[in-house]
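See below for the structure under consideration.
The values are calculated or read from the model by the stated rules, or taken from the named source; none is laboratory data. Note that the structure is a prediction, hence the values are computed from the model and not measured. We place every Cβ from the backbone using ideal geometry, glycine too, and count neighbours over all the protein chains shown. Heavy atoms of the whole protein, side chains included, go into the accessibility calculation; ligands, DNA and RNA do not. Shrake-Rupley method; radii C 1.70, N 1.55, O 1.52, S 1.80 Å.
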Amino acid sequence: MDPLNIFFMVFLGFALLVGTATNAFIVAVIAASSIKNRRLPSSSDVLLLGVAVTNIPLQCSLSGNHMLRFLWEEVYNIDKVWKSFFVLFPIFGFSSFWINTWLRVFYCIKIVNFSYPFISRVRLRMAGMIPWLLLGTVLVSLVINVPEFWHLKKWCTTNFTTTNTTFEGTVRDYSIFQKWMIIIVGAILPLVVIVISSLLILTSLYQHSRRMQKNMTGSSEGPSMEAHAKAAKTTFALLILYIYFDLSLLVVAGDDTGDAKNVRLYYSICGCSAFPLIDSLILIFSNIKLRSAAAKILCSHEH
């Protein structure tokens, strides 16, 4: 196995272990907090929980698919095995993307200072809408992606791995309309919503800063300003992550050569596999409760 393959396997294994651990940490902290306080999680905690719960199987399907494909071809080529991977990734990827998007919309609606009637109505009803948004996200994901299990077919390519064996790849027996519906609804639309949320938060931050400067003789510090700034940084970080993941996904989806020496394909697969890990780290560092719990764990290990 050449150095590139070794790096590839090590990275996928690292992403699988650490990504699963960080998302499980989010679930554990929120669950422990709810049990300790003897009450149901808050709206933001429910969304965080939804992201972490979908990120864990997403991480397993992403890293597991490529590791199994490269290390145990004979197992991966079993009909139900590769079909399961090809169906699980879009289901959990779609759900993770959209729940992440609802979380950012929740923060945006909660923080922005706009007084538009629509935003005011959504702000009042957002808590009651969250369970329905989560349920709708999961149902739409299942409806769009589960039928794929019966539409997948095999085709053969040579020299997919560094061994002398051939690899049986897969294609989706979808119409152009179905393919684009999955791409648009599952990847592009969440990105558009994140962009809009980012612009709203940045606009609100700018207006709030100007207002504070006028009212406090140049001082723009305060809890509200800090909340705006944190929300803007978090949303911008997620926006960069989304763009990188979408570009990586397009490279992987568009590759039909199966060339194991394609370095661009390697890096794109690593980019896709790193998404749940980086996403969980963004959530941990942007949330006070999660950040404090992580700091306590790190301090206890140091002592």
Item checked: Single unsatisfied condition, residue 247 versus (1) surrounded by 14 or more Cβ atoms within 10 Å (Cβ to Cβ); (2) at pLDDT below 80; (3) aliphatic (A, V, I, L, M) -> (1)
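Could you grab me the full set of residues in the stretch 103-121 that are in a helix (DSSP H, G or I), within 15 Å of residue 201 (Cβ to Cβ) and among the hydrophobic types (A, V, I, L, M, F, W, C)?
Step one: list which residues in the stretch 103-121 are in a helix (DSSP H, G or I), which gives 103-111, 117-121.
Narrowing the set further to residues that are within 15 Å of residue 201 (Cβ to Cβ) leaves 103-111, 119.
Residues satisfying the conditions are 103, 105, 106, 108, 109, 111, 119.
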Notebook entry, point to check: Do the conditions hold for residue 197, that is, is it of a type outside the set (A, V, I, L, M), at pLDDT 80 or above and open to solvent by less than 70 Å² (accessible area, probe 1.4 Å)?
Noted result: yes
Check: Hey, any hits in the stretch 210-222 for a residue that's under 28 Å from the mean Cα position of the chain (by Cα) and at pLDDT below 80?
Finding: no
Note to self: Residue under question is residue 282, and the condition is that it be modelled with pLDDT of 75 or more and surrounded by fewer than 17 Cβ atoms within 10 Å (Cβ to Cβ); does it hold?
What the structure shows: no
Next item on the list: Give the stretch 110-168 a look and list any residue that's open to solvent by 40 Å² or more (accessible area, probe 1.4 Å), modelled with pLDDT under 70 and among the hydrophobic types (A, V, I, L, M, F, W, C), or say none.
Entry: 149, 150, 155, 156
Notebook entry, point to check: Wholly within the stretch 1-100, which helices (runs of 4 or more DSSP H) include no fewer than the required count, namely at least 3 residues that are open to solvent by 20 Å² or more (accessible area, probe 1.4 Å) and free of Cβ contacts under 8 Å to residues at least 60 places away in the same chain?
Noted result: 3-37, 43-71
